[in-house]
Structure formats: structure tokens, C-alpha cells
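**Q** Just passing along the structure, written as C-alpha cells.
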Amino acid sequence: MLDISAISNSQQPLHEILSRELRDAYEFRAASAFLNSGGLSYVMPEMLRILEGEGSVHIVHGADFRITDPQAVRSLVDLSVQYENMSYSVHFDWSLSTRHIFHPKLYITTSDYQRYCAIIGSSNLTRGGMVGNVEVNAVIRGSVSDEPVTQCLDIFESILDSDALMQPNSTFVEHYEHLHEKARELPPRELPPADLSEKYQELIDIYQNQLETKQDLQPSTQTEFLIRAIENLSENSDSDYVELENIYAEATRLAKLAGKDYVWDTFNNSLRRGLYNDLVGRRGRDLFERRGGVAGRYGQYRLSEKGKAFLGK
């Protein structure tokens, strides 16, 4: 049954509701304009539990260089490297003035992919947004057949499809730390001064490189490399399940053989997200099945029946 209520931090801090919903959750999705270590601390224990339990976590936030602190960015980069079931993106705001300002506050949890809780309102994933600020949010509880729930899920997916998103790496964090320290001294919306232009331009280059790679891909290109890699590896194995690291190596070999010019430093992360998003039961295309291993670090994969037929479509 659909249930919608309105809450304020003065009556009940958002972190209490979010913590309760996360306690039994198998998936957590968060889109927040700003994010800091204080806000992240309220959800981190349950995020780790979800990731260790082979659930999934999807985080996207704005890289505003002021409120969003580099410690939070670094911790999320580390998680995204450690766990294959963690996806992490930032909206690259500063100087991309032709793009809309990234300003959503949307949190979605589920324990069974049937019943969901979606929270949408004014609270960022910051300490103030979770506890201290005057905030108002709507809490929507319902099933996948309830229109407000499906609308929230669709909105989150549309956010993930934005061309303004990038996947931060260690280089991004290093530059972000330096720019964050200086940016707090600047008036809002002012572009970086000349003495920061070199470091900032390197961040723009990372973003543009990822954007060009994304635009250059056909929707199924990386999926095809994954499927071909698993096919090739299983042909030379007694089992149709193959190791994750071998999939990475074979898919990379095939992509390079095809003359693709991906960002190789982050190619495994892209493959990992592709595998996880299209696992059977993940609301994707149900192309892959997984077994064994420590969540997010090892594991074996094989093609589902849909996966075996995919290239023949």
C-alpha cells in the first residue's frame, strides 16, 4: 500500500528515518547536490553492510569544490575501487556554466526490489541536511507498481544518464583537495583564479576524456566485449563460470584488438558496472549470473540464457 508523509528535521531528523530504512536494505541510491563527511558518517555503516552482503550502492553528488569535502570524495573513491557493487559519480559543476546546476536530494532504499522507500526534499547528504538544518522532506513508501515509486526510480536513472557525470579517481581527489582549499575563499560561482587554472584544467581534461569516450561508445559495445570475453574464457574451462580478473583481462584484450581508445585506467570500473547492472534480478537486462567470492572483490560470472542469446539479437 502506498504511504506518503512529510517530515521536518525539527520533528524527526532525517538520519533517523534513513538509518532505519537502511537497516534491512539490499540497495541504496543517493543523489545529493552536496555531500560531506559528517553526512556520510550517518549512512556509511549500513553502506558497508550492504556492499559486504552483495547488495548495491549508487552515489552521485555535485563536485561544488566548497561544501563537498575531499575526505568524503576520497572515501567514496576507495569504496568504488574496492567493491564491484558500488557505483560512484560526481556532477562536474564548476565552470561548466552551460549546464544546469546539479541540485537534487533523492534517497531510495529497498530490501527486496518490490517494496521501496524514497525520500525527496531539501536535505543534502550533509550533517546539516541529516540533523541540524531546517529541512522538509517527503517520505514515499510503496511497491514498484505505485507510480510515485516508479517515478523516483526513473528520475534516479535519468540522473545517472547525464553527460555531466564523471567517475572520480585518485588524480581527481588530489586536484579536488587543492581546489577545495582555495575555493572556500572565493565568492560563490566565481571561476578559479589564474594560480589554480593549471590544476583545474587537468580536471576538465579528465572530464572531457571520459565524456568523449562515453559519446563514442555504442550502447552495447562494452556489453559485447564482456559477453565475448566470458564466451572465450568458458570455452577453455571445465566450468561456464569464469573469474572476474580474467574477464577484465580478456575484455580489455578484445577492446584493444578492436582498436578502441577507452580510458584504460578506468576501463575495469566500467566493465564492473556493466556486469553488475545486468546481473539477473538487478532490473537490468539479466545477461550475467554471479557466484562465490568476497563481495565486490572476487567472484565468478557466467552468461545467463539471455546473455548467450544477446549477440544474436
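**Q** At what distance in angstrom do the alpha carbon centres of region 236-252 and region 58-90 lie from each other?
**A** Cα centroid of region 236-252 versus Cα centroid of region 58-90: 29 Å apart.
**Q** Oh, and also: Carbon and sulfur: what percent of region 15-146's accessible surface (1.4 Å probe)? Could the numbers behind the result be given before it?
**A** Details: 2570 of 4720 Å².
Using a 1.4 Å probe with all protein chains present, region 15-146 comes out at 54 percent carbon and sulfur.
**Q** Here is a further query. Explain nothing, just compute: Karplus ³J(HN,Hα) = 6.51 cos²θ - 1.76 cosθ + 1.60, θ = phi - 60°, for every residue of region 45-54 in order, whole Hz, x for Gly and Pro.
**A** Result, ordered by residue: x, 6, 4, 5, 4, 4, 5, 5, x, 6 Hz.
**Q** Averaging sequence separations of C-alpha pairs under 8 Å and six or more residues apart, then dividing by the length of region 223-272, give the relative contact order as a whole percent. Provide the component values of the computation, followed by the final result.
**A** Values: 25 pairs, mean separation 20.8, N = 50.
It comes to 42 percent, rounded to a whole number.
**Q** Considering only protein heavy atoms, what per residue accessible area in square angstrom results for region 125-187 with a 1.4 angstrom probe?
**A** Working: 2930 Å² over 63 residues.
Averaged over the residues of region 125-187, the accessible area is 46 Å².
**Q** Further question: Would you mind getting the accessible area per residue of region 1-49, heavy atoms of the protein chains only, 1.4 Å probe, in Å²? It would help to have the intermediate numbers written out before the result.
**A** Values: 2200 Å² over 49 residues.
Ligands and nucleic acids excluded, the result is 45 Å² per residue.
The values are calculated or read from the model by the stated rules, or taken from the named source; none is laboratory data. In this text the structure is predicted, and so the values were computed from the model without any measurement. Heavy atoms of the whole protein, side chains included, go into the accessibility calculation; ligands, DNA and RNA do not. Shrake-Rupley method; radii C 1.70, N 1.55, O 1.52, S 1.80 Å.
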